[in-house]
Amino acid sequence: NTTVTPAPNTTVTPTPRPTTAAAPPPAPSGAAGSDGGGLELGAQLPGSIMHTDKMQQAGMRWVKFQIKWAPGLDPGVAAGYVAAAHGSGYKVLLAIPGQPYPTAIDYNGYVEFLRGVAAYQPDAIEVWNEMNIDFEWPAGQINPQSYVNNMLAPSFNAIKSVSPGTMVIIGALAPTGYFGGCTGAGCDDNLYVQGMAAAGAANYANCIGVH
């Protein structure tokens, strides 16, 4: 018979962890067009600045507001958003899509609206939203080349002519593989990105939005 002697129990004393919370970073100052030199966090807000203490604790340096464009809308609507963000020490991104289920888009009207918005010196403008599905783009007309040629490129030129430091962001696509390709009825996001690249989108944007 073999007698096995169990090893003695060993008690491990954990190293104490500090209990003092790190001080929140100071509120950043707005700087048109600056990317901060690296990754920066932000929050999309429903129309006003709020919970700034929590945002600062999280290290957020941006706020995002969405403006739903429609023909005839006064670009002065952007002034309050930009002033509120910069007054609170944040950079501001204005995302500017259109109305749901459009049957047509007044490209010239939209571009001129962005030109007017840029005059208020937002730090970034996102050009449209989810243009690969018919909720945001006219059914039967969904096409990445059309987005680049008719909207992104002229919007970039208009924005930069007024506010060179404002970042231009390609509208974030709807993440989907539903369509199995890219047609006028809708487009898978990976193929839409390839189509934008082929149309030269990189020449007319500082970065691309992603959902």
query: Which of (1) more than 15 Å from residue 44 (Cα to Cα); (2) within 19 Å of the chain's Cα centre (by Cα); (3) open to solvent by 10 Å² or more (accessible area, probe 1.4 Å) does residue 112 not meet, given it meets every other one?
result: (2)
query: Does segment 28-40 contain any residue that is surrounded by 11 or more Cβ atoms within 10 Å (Cβ to Cβ), at pLDDT 80 or above and within 17 Å of the chain's Cα centre (by Cα)?
result: yes
- request: Just name the residue that is most open to solvent (accessible area, probe 1.4 Å) out of those in segment 49-78 that are modelled with pLDDT under 95 and of a type in the set (S, T, N, Q).
  value: 57
- request: Considering each of 169, 159 in turn, give the residue that is open to solvent by 10 Å² or more (accessible area, probe 1.4 Å), of a type in the set (Val, Ile, Thr) and under 19 Å from the mean Cα position of the chain (by Cα).
  value: 169
task: Among the candidates 136, 130, 126, single out the residue that is in contact with an Asp or Glu (Cβ under 6 Å, 6 or more places away or on another chain) and touching a residue at least 60 places away in the same chain (Cβ under 8 Å).
output: 130
- prompt: Taking the condition touching a residue at least 12 places away in the same chain (Cβ under 8 Å) and within 28 Å of residue 38 (Cβ to Cβ), does residue 185 pass?
  reply: no
query: Out of all the residues in segment 178-192, which are outside any loop (DSSP other than H, G, I, E, B), of a type outside the set (Ser, Thr, Tyr) and open to solvent by 30 Å² or more (accessible area, probe 1.4 Å)?
result: 182, 189, 190, 191
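For every residue, the table says whether it meets (1) under 16 Å from the mean Cα position of the chain (by Cα); (2) open to solvent by less than 40 Å² (accessible area, probe 1.4 Å).
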{"position": "125", "(1), (2)": "yes, yes"}
{"position": "165", "(1), (2)": "no, yes"}
{"position": "176", "(1), (2)": "no, yes"}
{"position": "194", "(1), (2)": "no, no"}
{"position": "198", "(1), (2)": "no, no"}
- prompt: Has segment 115-122 got at least one residue that is open to solvent by less than 20 Å² (accessible area, probe 1.4 Å), under 19 Å from residue 182 (Cα atoms) and within 17 Å of the chain's Cα centre (by Cα)?
  reply: no
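The values are calculated or read from the model by the stated rules, or taken from the named source; none is laboratory data. Note that this is a predicted model, so its numbers are computed, not measured. For neighbour counting, all protein chains shown are included, and Cβ atoms are generated from backbone atoms with ideal geometry for every residue, glycine included. In case anyone asks, the SASA skips ligands and DNA or RNA and just uses the protein heavy atoms, side chains included. Shrake-Rupley method; radii C 1.70, N 1.55, O 1.52, S 1.80 Å.
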